[in-house]
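Quick note: the coordinates plus some simple rules give every number you see, no bench work behind them. In this text the structure is predicted, and so the values were computed from the model without any measurement. Cβ: placed from backbone, ideal geometry, glycine included. Neighbour counts: every protein chain shown.
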Amino acid sequence: MKHLPAFGFLVAGLAIGILVGRSGEGTRAAGPDDGGTGTVPVRKRLAERPNSSEPASLRAIRSAAPADLPALTLRSGKVVDPVEMRRLVSECLMSMTAENWEEVVSSFGRLTKETGRDLADDWRLALFRSGQLAGGDAMDTWLAAGLENRRDQSWHTLHGWGTRDPKAALEWLRNAAAEGNELSPTFYAAVIGGAAMTDPADAIRHLSDVPAPLRKECVSPLVWDTASHGGPESLDPVLRYADGLDRGDPESAVFADRIFAESTEALLKMADSARDPQKACDAAALLISYGRDPYDVVRSTLGRFRWYHMSDKLKIVDETLLSASQSEPAEVARMVAYLMSTMNANNGDVAVIHEWMNDHSTSALLPELQRRLPSDP
């Protein structure tokens, strides 16, 4: 079949739209929306018409009274088609309110008892949503029930609350601790992680509101929630923050190193997931720009990329070396030695290295590669 050019589709679409509009025209008594002509504008009629492509169950959820939503959530979780089930359950969570959150969350436990289905991920999302909608009221519920037995519920609730009002969530934790309640250190991390989803800079500012001994618990969610929702570039403010910490203070130095270590893992994981060695090179350059040791960066990078093609690994080491302002021969030797430790001589890596050397005659890696390899592939 020949494909119509884009302009042809545009013209055809306009023609169909005109025909549909004409065939759907009708009249009614003159009113304020039709300028007294007696003809209802087509666009208004289409907007008022229910979307017939949506299932009735979806429309029922959207128009349900708050008191009916828990039963609809239970019914949605019993739908056989997993895609449709996920769609309906998600719609229930979006329709949840500060008044019915507890009943909606409880419906997942009922669902498991009645059907044996495990919708743990949806249950966690319901808790997350309850934090967004009910915040302190939801946490008061878990506090009254005993936080020691409601750690999972509390964590996901605080995670959601952190996306909307981390200041209020941290204040709730401070007040609960002041009243003698034993709190999991990860509760603070949940709030910081939630804040990092929406505004990493705001999450960093709120670190000062976390008790100093517990801030180390916040590093992982700060880094991973930032990276997962904003991509590699979103980690820049996190790295700037770590770079600005006072290294004269041993605790601050350890805290900064922990942030850099987690950020390195996150950046390289994203590069690996994308199967993109250039992203690994970019990550290495970013880390080196913040003073990370080039050899340590190479080790971390090749540690994750060691099974990649040798030409990709050579590219990573070469560009990492270029990112470093100065490199001593001993440091280059260490990088090449680690690179060679990932080599598989039986699958042609030696030949690949020789070919790469011919194509990169000005690379600083050449002297070490020549010294370590036989003259012939």
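Worth a mention:
- Two-decimal log10 I(q)/I(0) for segment 135-273, as the Debye equation yields it once each C-alpha is a single scatterer, q = 0.16, 0.22 Å⁻¹: -0.79, -1.27
- FRET E, pair ASP121, GLN278, Förster distance 45 Å, beta-carbon r, rounded to 0.05: 0.85
- For segment 241-320, Kirkwood radius (reciprocal of mean inverse C-alpha pair distance, Å): 12.9 Å
- Panel order for LEU235, LEU373, by other beta carbons found within 10 Å of each beta carbon, from fewest to most: LEU373, LEU235.
- Taking the centroid of alpha carbons for each part, segment 67-123 and segment 278-295 are 45 Å apart.
- Diffusion coefficient (Stokes-Einstein, Kirkwood radius over C-alpha pairs, 20 °C, 1.002 mPa s) for segment 58-120: 187 µm²/s, rounded to a whole number.
- Plainly put, segment 276-377 has a radius of gyration that is 0.94 times its Kirkwood radius, both from alpha-carbon atoms, as the Rg/Rh ratio.
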